[in-house]
Structure formats: structure tokens, C-alpha cells
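Structure first, then comments.
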Amino acid sequence: MEKELKIPKISEDADEATVAELLVGEGDTIEKGQAILAVESDKANVEIPADFGGTITSIKVSEGDSVSVGDVVMTVEVKDDASDSEEDESDNDKPSKNKEESQKDSEEQLEAQASHDKDEKEPEREKKAEKTNSDASEQQTGDSHSDENEAEDAGVDKTDEDAHAAPLARKFARELGVTLSEVPISGERLTRKDVTDYVKKLIRQQEGGDSEDATNDLSLPDFSKWGETERKRFSGIRKATAKNTIQSWRHIPHVTQNDKANVSGLEEFLKKQNEKSDEKITITAIILKVVAEALEEFPDFNASLDMQNEEIVYKKYVNIGVAVDTENGLLLPVVRDIKQKSIAKLAKELSEIAEKARNGKLTADEMKGGNFTISNLGGIGGTGFTPVIFPPQVAILGISRTQTEAIYRDGSFEPERKLPLSLSYDHRIIDGANAARFLRWICESLEQPIKLMMH
């Protein structure tokens, strides 16, 4: 008996993912619970387990493909007795589906079968079926209008007859009043999902709201006219980054405040401390501790806006996300309960989470719950930048490379090590003066290394 393996619910806030790696091949024998493929979602890698065991007869996806909840990824030949047993267990464990869900599942299965049917006579059968329905409709209503009028009443154009669509997709489009010829086709035949995606896009455009296709607002020319090109599909991380940053930029009025901290004493102090101890302390760990204290001093930066209820949500805890540069893109693991940890412990934890991020081992939960974000580009360079806020946070601190500057003092120039800091903040809740005070408080704290190490 052949059964289908489908994509389950990936996470609480993700229904789509990209296939990162196939862990099995056709002809392999698998067991229930065995990982069959890995997907990228929510900025992390997730392994998908098999719901049942058997022998893989076909694989429906390839690495780099986008998949959604319910998509069939593999078919498996299972023994009848094992299949019956596993189905019974599954029925006991899962709540019964309501009528609407059952009907939807049946329609999707029928659509999948129809979309793979390559019978050359299928379009002819569809035309005959449509003509039969048309004749029946005219007899019941006594309408003497032409087929063209009937098509208008059904909410579709005459051009729909030429659309290479699955029967369920055609029926679904008529119910929604969609012209099939305008719906982009994702595969060999137009499916119900194609119609659904098209309608969702139209609704988002009419509402002027967020769109998963927000990064594709601009149509591109044919670059191949001027030279050779290459296309690479978005990774799951890059897709999430593109979507989140454009939503942030559209909805949050960003303002960036810049300042510099004199870290001459701090660098000298760190050098001596690290020479005496095996536990290395980094400047990022120190800034993490300083920012945690600043968030308590300036609660507006440790808040979120609830625009629907016109309220400000102030948080009594301090969790800070730290941006990590990886081969696949930017990841934001969160360091929790910073006030209760020493700087040495924070330095160790930062090293561990950065390693997990680069190896793709972070879980979705490890990147949630941040109140504020720190992005340190000092190891690369730069004198300042405008970091993008990650909603529902209201601020983010950017760090650039420390530079030696000549400071005129008491009639002469003296060298000082200056650390550039860039604070982007949400102007709906934070005023410029408060932002300047917040950043100056951080700078002055970094200029007192001995006081820092007492924490």
C-alpha cells in the first residue's frame, strides 16, 4: 500500500519553508520518526520526521524548493498490516477533523491527482463538461443569451476555456470570480493553490498592507540583453530577512542618533584582564551588560507599541538579541536575563550562541523574546550606519570599528580610541532628546571600565 508523507506544521508562525537537504533517497527503507529532510524556516534549520515507516517509492521535492504545510514530499510503500496499525495510532492521537477540513483535504488530493494527469483528451473532456453545465443552466433559467453572457454570469472570461487548469482550480476560480487567464501558473497545470495565492495577492494590494512579495514590488528588465546573468533562489534565512526588514522600514519611522565613546581606558583594562585569565572578555559582552542597565534607566527603549489598542507595553525583563553574521545570512539569537549574569558569563554565552548560529544549530525559540538588538560590525569596519529595527522592538544599537582620533585638550592634541555607536529608534515612542540621553549614558558607562567590572 502506498502512502504520502506531507509537510507538517513547521512552527507557530511559519507555514512555509525551503528544502535545505534531502536526508533519504528513493528506494531507502525508513522508520517512523526518522528524519527525511531538513528545511529552513524562521531563520533556523528544522528536520522533518516521517509519520510512518516503509520504502520510499518517489521523492516529489528537490533541494531549494519552497514547501508549505500539507505539501506531499514523498510517497512510501508500507505493509498493509503496519499501515492499519499506524493509522489507528494516528487516529487515537489526533483530534477528528471537522467537515470543512476533511472536505479541503479531499479536494487537495483530487487536485494533486488531476494535476499529474497528462491525458491529451482531458482538455476536450473539460470543454464538454462545461458545455453540458452551460446547457443545463440555460434550460433551468430559460435564458436565451449566448455562451459569452453565461461566462460573464459565472464571473469568468471566455479566455478561461483556453486555460490549462485542473478541474478543481477552474471550479474554485468561478466561485471566487477570478479570471483564470490572469492567474500565474506555478507548474504544468494551474492548481487551486495558484488561484488562492493570486487572490491573496490581490487582497493585499487593495488593502495596501504587508505582502510576502513586498521585495518584488519593482518589475525587472531582461538583464541578459546586456550580458551573462545567474539566478540563485533565496535561502529561507534571506527570504525572512527581506520580508522582515521591508516591513520594518515601511511601518516604523526610523531615526538614527550617532555618538562616540572614549574606550582608551576600556581597551587597556580588557587587555590586562585577558592576559591574566583564560576566560576572555569581549567588548561586545561589556556593551551587552551596559545596554541592559540602560534599558532599566530608560524604559521607553524596553517597550513595544500596541497600535491597535493605542497602548505602550513596558517589559520588566531584559533580553537582548545579538546579530550574528553567517554564510546563509544574518541571525539574531537572544541572550536572556542579562541583569542576572556576570560579564564573564555573558562573554562565554555570546561565543557559544555565535558558534551555534554559524553551524545552523539555533532553534526558533532561541531567536524569540528579544527586547532590543545589538549589531556589531566593528570587526569588519565602518564609521557608522543605520541599523534597521526588528519589530516589535523599538530600538537597535549599531557598533562600528574603533578608531584613534586626535583630541585637542589643554593646548595640545592627545590620541584617544573612539568607538562609534549608532542608535536607530522608533520616533513614535522615542523622542530625539531621550535618544541622545540614552546613547550618551551608554558612552559614559563605557568610559568607566573599573565600575563596569564590578557587575
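Couple of notes before you dig in:
- Unique match (being crowded, with 16+ Cβ neighbours inside 10 Å and under 30 Å from E414 (Cα atoms)) among L270, L305: L270
- Condition broken by I396, with the remaining ones in (1) within 25 Å of A242 (Cα to Cα); (2) modelled with pLDDT of 95 or more; (3) in contact with a helix residue (DSSP H, G or I) (Cβ under 8 Å, 6 or more places away or on another chain) satisfied: (3)
- Only one entry of K280, K289, K260 meets the criterion of being surrounded by 15 or more Cβ atoms within 10 Å (Cβ to Cβ), in the same structural domain as Y317 (by TED's automatic domain parsing), outside any helix (DSSP H, G or I) and not hydrophobic (A, V, I, L, M, F, W, C), and that entry is K260.
- No other residue among E355, E366 is under 29 Å from I312 (Cα atoms), in contact with a Lys or Arg (Cβ under 9 Å, 6 or more places away or on another chain) and acidic (D, E) apart from E366.
- Long-range neighbours under 9 Å by Cβ, at least six apart or interchain, first residue in contact (Cβ under 8 Å) with a residue 12 or more places away in the chain and basic (K, R) within the range 256-269, second assigned to a helix (DSSP H, G or I) and buried (at least 16 other Cβ atoms within 10 Å of the Cβ): K260/C443
- Test: residue in the range 431-447 that is assigned by TED's automatic domain parsing to the domain that holds Y314, more than 14 Å from F298 (Cβ to Cβ) and not aliphatic (A, V, I, L, M): yes
- No other residue among L350, L330, L295, L346 is closer than 27 Å to A242 by Cβ and either outside the structural domain of V263 (by TED's automatic domain parsing) or modelled with pLDDT of 90 or more (or both) apart from L350.
- Breaking point among (1) under 17 Å from the mean Cα position of the chain (by Cα); (2) buried (at least 16 other Cβ atoms within 10 Å of the Cβ), for G369: (2)
- Residues satisfying the stated conditions in the range 1-40, i.e. basic (K, R) and either over 23 Å from the mean Cα position of the chain (by Cα) or surrounded by fewer than 14 Cβ atoms within 10 Å (Cβ to Cβ) (or both): K3, K9, K32
- Candidates V335, V318, filtered to the one that is at pLDDT 90 or above and under 22 Å from the mean Cα position of the chain (by Cα): V335
- For the range 337-455, the helices (runs of 4 or more DSSP H) that sit wholly inside it and include 2 or more residues that are in contact with a strand residue (DSSP E or B) (Cβ under 9 Å, 6 or more places away or on another chain) are 343-358, 432-446.
- In the range 222-243, the residue that is nearest to the chain's Cα centre (by Cα) out of those that are part of a helix (DSSP H, G or I) and surrounded by fewer than 17 Cβ atoms within 10 Å (Cβ to Cβ) is A242.
- In the range 308-336, the residues that are outside any strand (DSSP E or B) and either free of Cβ contacts under 8 Å to residues at least 24 places away in the same chain or polar (S, T, N, Q) (or both): Q308, N309, E310, K316, N319, N328
The values are calculated or read from the model by the stated rules, or taken from the named source; none is laboratory data. Keep in mind the model is a prediction, meaning the values are calculated, not measured. All Cβ positions, glycine included, derive from the backbone under ideal geometry; neighbour counts span all protein chains shown.
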